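The values are calculated or read from the model by the stated rules, or taken from the named source; none is laboratory data. Because the structure is predicted, anything quoted here is derived from the model rather than measured. FYI the Cβ positions are ideal-geometry reconstructions off the backbone, even for glycines, and counts take in every protein chain you see. Areas reflect the complete protein model, heavy atoms only, side chains present, ligands, DNA and RNA absent. Shrake-Rupley method; radii C 1.70, N 1.55, O 1.52, S 1.80 Å.
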Amino acid sequence: MKTKTFRILAMLFVAVGLLSSFPAAAQVRKGAGKKTAKVTSRQQKKPSSEELYQKGCDYWDGKNGVSMNREKARELWLEAAQKGHAKAQGECAFNENLSDGERVGWARKSAEQGCIIGMDLLSRCYYNGTMGLPKDIEQAVYWTKKWADTGNGTGERNYAIRLLQGITNEPEPTNKAIEYLEKAAKHGDIESMRGLYRGYSGIKMVEDERYSFPKNEEKAIYWLRKAAENGNIECQFELAKILIEKNNKMYDPEQAYFWLLKVMEKSSSGEKYFGEVCFELSCIEEDNHNDYEKAVEWLRKGADAGHPACQYFLADDILKGKIKQSFEGEAIQLLEKVSKQDVEPGMRDYAKAELNGSIVLHIMDLIENKGFKPKSKEAYAPTKEKLDYIIKQAELGNPRAQSYYAIFLLGGCKKLGIKQNTNLAKYYIKEAIKKQDWKAYQVAQAFESCFHESINN
C-alpha cells in the first residue's frame, strides 16, 4: 500500500514539474519569456547622486574614457541635483539652459548645504542685481562672508575686497581685509598674494576702495616674491623690473634675468609682456653677459612682435653697422614703424628725425627750445667737447663725422657757437658721399628737401 501511494505521489510531482517548465500560450504571446531579463534589469543598483555628479564631471572635461559632452554633463548634474547633491546643484546654478529663477533656486539649495559654488553665485547676483534678484548689498556681504568662512581662498579674497570697499559692518576694515587676504594666501590663492603686494605698494585692488593699506615696502616685496614664486606672471615681471634698476638697493641683474625667462616661458609674441621682456633680456645679454649675438636675437624677437624700443634699437644697431640687416631697407622700415606707433613722443620723434637725417638738429631743438635735460640719452646730447671732436674727425676725413658736422652747419647752433654755413655743409656731405657713408645720403636728401636745391649745385 505504501509502495503504491509513493508511486502516485512521484508521478504527480513529475507532472507538476513538467507543467511548470512550459509557459502558457498567452504568456508567450505577451513576451513573458523576457520576464526574467526585465526583473534582472530592475534589480540593478541605481547610480548614486555622487556617481552621477562625478560622471557629469567626466563628460564636462572629456576624461575617464568618455568624450567631452557638455550637454550630457548638464543632464547628469541636473539628475544628481534633484537627488540633493550640493555640488551638482551649484553646477545647475551656472547652467545657461535653465531659467534665471531655476538657476537661483539651485544656487540657494546648494549654498544652504554649505557649497561654495552656490554661495559664489548668490553673492555676485545680489551685489550686481542680476538673474532676477534685487541689488542687495547686505545679502551680497552675507553670502560672501559665508563663502569666506568655509576657508576657501577665493571667498576670503572676495570678502577682503568687500571690507576695503567699506560695505561691511566689520570694525577695523583694513586690518580685517589684510587678515582675510593673508588667510587666502596661506590657502594658496595667488591673486591674494598679488593683492597684498599691490596693497602694501599703495596700489588699489579695486577702483572703489574706501580703505587703503599702510604702505610697507618690505612687506610689498615679500608678497611680490611669493606671488612670483607661485607663478603669477605679472608679479614675475614686476619683480624683474625692480631687480634690473641700477639705482635700486635690490639691483640683481642675474635674478632679474631668471624671472624674465620665467615670464617668457608663459608668453607668446602677441601677449602683453612679450616685447618688453625681449628688450630687457637684450639689455642684460649685452650689458651683463657681454653676449651681443643673444642680445640681437632678443631684439629681433621683440621687433617682430611689434615692440617699439626693440624696433628702434635694432634699427639703430643696423645703421651704426654693428649688425647686418636681414633685408635691404630693414632699418628704414623699422624706424617707420616706430614713427607711426602710439609710443612715448621722445622715441617717436627720434625715429622721425633719424629717418630724415636730422637727429642732431632734433636734439638741438629739444635742448634750446624745450628745456630738454638728457638723462639716459647723454650719448646723443652734443657738448662743446663732442663737437670739437666731430669737427677734428671731419677735417681728418672721417665720413661719419663729416655727415654729422654737415648737419650742424645746415641748421646752425647758437648754444655751441656754430653759424649756419650751407656751402661748407654741402662740401662735407659730398665728401662723405664719395666714401659711401649711409648717413651722408640721408643728410643730402634732407638738404634737398629743406633748401629745394640739389646737393651738387
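General remarks:
- Within segment 114-139, the set of residues being among the small types (Gly, Ala, Ser) and under 29 Å from the mean Cα position of the chain (by Cα) comprises Gly118, Ser123.
- Any pair with Cβ under 9 angstrom, 6 or more apart, that starts in segment 228-246 at a residue that is at negative phi and open to solvent by 30 Å² or more (accessible area, probe 1.4 Å) and ends at one that is in a helix (DSSP H, G or I) and among the basic types (Lys, Arg): Ile233/Lys262; Glu234/Arg194
- Cβ-Cβ contacts under 6 Å between residues 6 or more apart (or on different chains), taken from a first residue in segment 307-333 that is within 14 Å of Tyr292 (Cα to Cα) to a second residue that is outside any helix (DSSP H, G or I), are listed as Asp317/Ile323; Ile318/Gln325.
- Selection within segment 167-206: residues that are of a type in the set (A, V, I, L, M) and assigned to a helix (DSSP H, G or I). The member of this set that is farthest from Trp223 (Cα to Cα) is Ala177.
- Pairs meeting the criteria (first residue in segment 67-83 and over 20 Å from Gln113 (Cβ atoms), second residue assigned to a helix (DSSP H, G or I) and not aromatic (Phe, Trp, Tyr), beta carbons under 7 Å, at least 6 apart or on different chains) are Met68/Asp61; Ala73/Gly56.
- Of all residues making up segment 326-345, the number that are exposed (fewer than 13 other Cβ atoms within 10 Å of the Cβ), modelled with pLDDT under 85 and either of a type in the set (A, V, I, L, M, F, W, C) or not in a loop (DSSP other than H, G, I, E, B) (or both): 1
- Output for segment 435-446, where each listed residue is at pLDDT below 80, of a type in the set (A, V, I, L, M, F, W, C) and crowded, with 20+ Cβ neighbours inside 10 Å: Ala446
- If the condition is being in a helix (DSSP H, G or I) and either closer than 23 Å to Asp316 by Cα or touching a strand residue (DSSP E or B) at 6+ places or on another chain (Cβ under 9 Å) (or both), then segment 411-427 contributes only Gly411.
- Selected residue (criterion: surrounded by the most Cβ atoms within 10 Å (Cβ to Cβ)) from residues of segment 57-75 that are among the acidic types (Asp, Glu) and over 30 Å from the mean Cα position of the chain (by Cα): Glu75
- Count of segment 98-113 residues, restricted to those that are under 17 Å from Asn158 (Cβ atoms) and open to solvent by 30 Å² or more (accessible area, probe 1.4 Å), is 0.
- Residue within segment 201-220 that is in contact with a Gly (Cβ under 7 Å, 6 or more places away or on another chain), open to solvent by 40 Å² or more (accessible area, probe 1.4 Å), among the charged types (D, E, K, R) and closer than 26 Å to Lys135 by Cα present: yes
- The helices (runs of 4 or more DSSP H) located wholly in segment 248-325 that include 3 or more residues which are over 25 Å from Cys235 (Cα atoms) occupy 292-304, 308-319.
- Residues of segment 250-262 include none that is open to solvent by 20 Å² or more (accessible area, probe 1.4 Å) and within 30 Å of Lys352 (Cβ to Cβ).
- When Asp149, Asp136 are screened for being charged (D, E, K, R) and closer than 30 Å to Tyr197 by Cβ, only Asp149 passes.
- Asn152 of a type in the set (S, T, N, Q), modelled with pLDDT of 95 or more and either closer than 19 Å to Gly114 by Cβ or open to solvent by 50 Å² or more (accessible area, probe 1.4 Å) (or both): yes
- Residue list for segment 85-108, restricted to those being of a type in the set (A, V, I, L, M) and closer than 17 Å to Cys57 by Cα: Ala86, Ala88, Ala93
- Qualifying residue in segment 210-225 (condition: under 23 Å from the mean Cα position of the chain (by Cα), without any contact (Cβ under 8 Å) to a residue 24 or more places away in the chain and not in a helix (DSSP H, G or I)): no
- Inspection of segment 76-94 finds a residue satisfying the criterion of being outside any helix (DSSP H, G or I), buried (at least 21 other Cβ atoms within 10 Å of the Cβ) and more than 33 Å from the chain's Cα centre (by Cα).
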